[in-house]
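Colleague: Dropping the structure in here first, questions after.
The values are calculated or read from the model by the stated rules, or taken from the named source; none is laboratory data. Quantities reported herein were computed from a predicted structural model and do not represent experimental measurements. Quick reminder, even Gly has a Cβ in these numbers, built from the backbone with ideal geometry, and neighbours come from all protein chains shown. For accessibility, only protein heavy atoms count, side chains too; no ligands or nucleic acids. Shrake-Rupley method; radii C 1.70, N 1.55, O 1.52, S 1.80 Å.
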Amino acid sequence: QKPVSGPEVTHFSYFERDESAFALLGALGGDDSQFQLLEGPSRAEISRGGKDVKRKDDAPIVFLLPGIMGSHIQLGKDRIWFEPFSMWSGDMARLKVDDQGRSVEANVSPDGWMDRNYEMLARHLADSHEVRPFAYDWRLSITDAAGRFGKALDQAMTDAERRGKPLRIVAHSMGGLVARLALKGRWDRFKAIPGSRLLQLGTPNNEIGRAHV
């Protein structure tokens, strides 16, 4: 079929326009002659960001930390947040925490970040940096996430020192608080690495300060 384009073409119009509706019905009946066979499978990248390091040997290192609710949460291998079908099925109840701030269910872990919010930025940073994502379980205390991030930060500082390159942290919202707490006791070593910076985006530093007063 000759491609049809324009503002009148939507996901719903496939079933309203004869040229596409009849072709779809034919394909369901086993006749796909109205469809064009592509030369090969799509090479478009299917984004599942926030899980793997975007490696760039001997480049500066940058951590990217999402904000509250910006990390996916999985139970075992099943993503609950943000997975609409699981949420509509009532699985959100399985992500409860107890009075001590611990998961009621075991085997709950972060599963990368929200691609639509962070992946484009991560790819931009990857042009000049090795991007190390740090998704975390935002249901739990900041102290819990900072403890985990601190271990990753220790390794990154060692790597940056070995490379002779800066170490940067880009942290959004709650991620800025996680980074700030993890840097406590590590700040002198961090700032001693030339060119290293902490960039907080929309982090509620004043609010957390008032809460500690």
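Colleague: Pull out all pairs, ordered by first then second residue, where Cβ-Cβ is under 8 Å, the residues are six or more apart or on different chains, the first lies in the range 70-87 and is more than 23 Å from Val178 (Cα to Cα), and the second is outside any helix (DSSP H, G or I) and open to solvent by 20 Å² or more (accessible area, probe 1.4 Å).
Modeller: Gly76/Asn107; Ser86/Asp78; Ser86/Arg79; Met87/Trp81
Colleague: Which of the residues that make up the range 51-90 are over 12 Å from the mean Cα position of the chain (by Cα) and on the phi > 0 side of the Ramachandran plot?
Modeller: Correct list: Asp58, Gly76, Gly90.
Colleague: Going through Asp137, Asp154 one at a time, which residue ends up being closer than 30 Å to Lys191 by Cα and assigned to a helix (DSSP H, G or I)?
Modeller: Numbers: Asp137 fails: assigned to a helix (DSSP H, G or I).
Within the list Asp137, Asp154, the selection yields Asp154.
Colleague: State which residue pairs qualify: first residue touching a residue at least 12 places away in the same chain (Cβ under 8 Å) and inside the range 153-164, second residue open to solvent by 60 Å² or more (accessible area, probe 1.4 Å) and assigned to a helix (DSSP H, G or I) in any location, beta carbons under 9 Å apart, and separation of 6 or more residues or different chains.
Modeller: As it stands, the answer is Asp154/Arg189; Met157/Arg189; Glu161/Arg189, since those pairs meet every condition given.
Colleague: A further question on this structure: For the condition touching a helix residue (DSSP H, G or I) at 6+ places or on another chain (Cβ under 9 Å) and either surrounded by fewer than 14 Cβ atoms within 10 Å (Cβ to Cβ) or without any contact (Cβ under 8 Å) to a residue 24 or more places away in the chain (or both), what is the one hit in Gly195, Gly101?
Modeller: Gly101
Colleague: Another question, then. Here are the criteria: (1) farther than 18 Å from Ala145 by Cβ; (2) open to solvent by 30 Å² or more (accessible area, probe 1.4 Å); (3) not aromatic (Phe, Trp, Tyr). Tell me which single one Pro110 does not satisfy.
Modeller: Result: Pro110 fails condition (1) only.
Colleague: Separate question: Determine if the range 84-95 includes at least one residue that is modelled with pLDDT of 90 or more, surrounded by 10 or more Cβ atoms within 10 Å (Cβ to Cβ) and in a strand (DSSP E or B).
Modeller: No, the range 84-95 has no match at all.
Colleague: Oh, and also: Return yes when Ala146 is within 25 Å of Leu75 (Cβ to Cβ), small (Gly, Ala, Ser), under 19 Å from the mean Cα position of the chain (by Cα) and not in a strand (DSSP E or B) and no when it is not. Step through it out loud before you land on a result.
Modeller: Values: within 25 Å of Leu75 (Cβ to Cβ): yes; small (Gly, Ala, Ser): yes; under 19 Å from the mean Cα position of the chain (by Cα): yes; not in a strand (DSSP E or B): yes.
Yes, satisfied.
Colleague: For the structure I just gave you, tell me whether Trp138 is without any contact (Cβ under 8 Å) to a residue 60 or more places away in the chain, open to solvent by 20 Å² or more (accessible area, probe 1.4 Å) and either more than 10 Å from the chain's Cα centre (by Cα) or farther than 19 Å from Arg168 by Cβ (or both). Outline the logic, then answer.
Modeller: On the way: without any contact (Cβ under 8 Å) to a residue 60 or more places away in the chain: no; open to solvent by 20 Å² or more (accessible area, probe 1.4 Å): yes; either more than 10 Å from the chain's Cα centre (by Cα) or farther than 19 Å from Arg168 by Cβ (or both): yes.
Here the answer is no, as Trp138 does not meet what is asked.
Colleague: Moving on to the next point. Specify the residue that is most open to solvent (accessible area, probe 1.4 Å); the eligible residues are those in the range 151-172 that are in contact with a Leu (Cβ under 8 Å, 6 or more places away or on another chain) and of a type in the set (Val, Ile, Thr).
Modeller: Val170
Colleague: Here is a further query. So Glu119 fits all but one of (1) more than 17 Å from Leu198 (Cβ to Cβ); (2) in a loop (DSSP other than H, G, I, E, B); (3) in contact (Cβ under 8 Å) with a residue 24 or more places away in the chain; what number is the exception?
Modeller: Result: Glu119 fails condition (2) only.
Colleague: Output the residue which, of all residues in the range 96-116 that are out of contact with any strand residue (DSSP E or B) (no Cβ under 8 Å at 6 or more places or on another chain) and outside any loop (DSSP other than H, G, I, E, B), is farthest from Phe63 (Cα to Cα).
Modeller: Arg116
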